[in-house]
Each structure stands twice: as C-alpha cells, then as structure tokens.
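Student: Just passing along the structure, written as structure tokens.
We did not get these values from a lab; they are worked out from the coordinates using the rules stated. Keep in mind it's a predicted model, so treat the numbers as computed, not measured. Methodologically, a virtual Cβ is constructed for each residue, glycine included, from the backbone with ideal geometry; neighbour enumeration extends over all protein chains shown.
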Amino acid sequence: MNRVATKKPRPVRVPCQPLKMKDLVREKMGELNPIEQIEVLDFVKFLIAKRQKTRHPFPRLHGALAEPGLDITEEQIDEARREMWGGYARKAK
C-alpha cells in the first residue's frame, strides 16, 4: 500500500482573543533584533499615550456667548467688524 503523507493543517491564530494575542506578540518580538524591539516598544508607548490624551485639547467655545447678562446687539457686532476690517480695503489698493 502506498500511503501519501499528508500534512496536518496548521491551527489558525485568531487575533481577537486577548490572551493568544499577547502570546503572538511575544513570539514575533523574539524574531526581532534588540533595536527593532525598542522600536516596537516605542510604538506601543505612543499608542497608549495617544489613547490617554483628551480628544479636545482646546476648550470648546460652543455656547460661550450664552452666558446670562451678556447682551451683544447686531449693531455692536457690525461696529466691531468695521473697526477690525475698515482699513483693509484701502491698504490693499
């Protein structure tokens, strides 16, 4: 009888399982040289820092003018615009 040797299929690693993912990362890190391992560590630190940063580093201005007692009229806005941009057209010519 001729028997044909068949290879067993390799188990498929599913990256969504957290414990197996850590093992996979450790295994792959072992294949890298020390300098590349430092680069990977720097990247991991970058990802952690990026996640910890606030999404809005600047204060939100939404509703900033909605404070009670702050009454700004349309005329005041027009006057402020004239003061800021009044000489712009003359200087450009």
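Student: Between E27 and L70, what is the FRET efficiency for a Förster distance of 41 Å, r being their Cβ-Cβ separation, to the nearest 0.05?
Tutor: Working: r = 62 Å, r/R0 = 1.50.
It comes to 0.10.
Student: Another question, if that's okay. For F46 and W85, calculate 0.36 nm times their separation in residues minus their Cα-Cα distance, and state this gained length in nm to one decimal. Working shown, then result.
Tutor: Working: separation 39, 0.36 × 39 = 14.04 nm, distance 4.40 nm.
That pair, F46 and W85, stretches by 9.6 nm at full extension.
Student: Let me ask something else. Counting Lys +1, Arg +1, Asp -1, Glu -1, what net charge surrounds K45 among other residues with beta carbon under 14 Å of its beta carbon? Walk me through the numbers on the way to the answer.
Tutor: Values: positive: K50, R51, K53; negative: E39, D42.
For residues surrounding K45, the net value is +1.
Student: Here's a follow-up. Can you return the aspartates and glutamates within cross-link range of K28? Criterion is Cα-Cα under 19 Å, with same-chain partners fewer than 8 residues away left out.
Tutor: Within reach: E36, E39, D42.
Student: Calculate, in nm to one decimal, what K53 and E39 gain on full extension: separation in residues at 0.36 nm each, minus their alpha carbon distance.
Tutor: Values: separation 14, 0.36 × 14 = 5.04 nm, distance 2.11 nm.
Full extension of this stretch gives 2.9 nm more.
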